[in-house]
1. Which one of Ala41, Ala7, Ile83 has its Cα pushed farthest toward the positive end of the charge dipole of the chain, where Lys and Arg give +1 and Asp and Glu give -1 at the Cβ?
2. Based solely on its DSSP helices, what 222 nm [θ] is calculated for the chain when runs of n ≥ 4 H residues each add -39,500 (n - 2.57) and the sum is averaged over all residues, nearest 500 deg cm²/dmol?
3. Please tell me the relative contact order of region 2-86 in percent, rounded to the nearest whole number, where contacts are Cα pairs under 8 Å and at least six residues apart.
4. So for the pair Leu47, Arg4, with labels modelled 7 Å out along Cα→Cβ, what separation do we get in nm?
5. Could you state the number of Å between the C-alpha centres of region 1-55 and region 57-92?
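No value in this document is a laboratory result; all are computed from the given coordinates. Please read these numbers as outputs of a predicted model, since none were measured by experiment. In this analysis, Cβ positions are derived from the backbone assuming ideal geometry, glycine residues included, and neighbour counts consider all displayed protein chains.
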Amino acid sequence: MDVRFHATLRQAVGGKHVNVNWSDGLTVWGFVTQMVEQYPALGPQLLDGEGKLARHVHVMVNGRDAPYLARGLETALRETDAIDVFPPVGGG
């Protein structure tokens, strides 16, 4: 499964794209934890102080922000899903 990381997250994973080991039953949260295990520098960027997905991080599955999917972070991923991960964005 090809995953696109954006902005400052690219430095933590070494580029724009990461190939993720997909397995049947992999959920969005399982994907996040797999990425943090594989790329420890992502931990502080993706997770809050309680070890949950930080509020301003966006894990998009087929263009939809994961927390708003029917099962949220427990949504099972398909090998063909398009996943994009965005860090918090500031500005004004």
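1. Going by the Cα projections, it comes out as Ala7.
2. Helices in the chain give a 222 nm mean residue ellipticity of -5500 deg cm²/dmol.
3. Taking the mean separation of contacting Cα pairs over the length of region 2-86, I get 39 percent.
4. Each label point is offset 7 Å from its Cα along the Cβ direction, giving 2.7 nm.
5. Comparing the Cα centres of region 57-92 and region 1-55, I get a distance of 11 Å.
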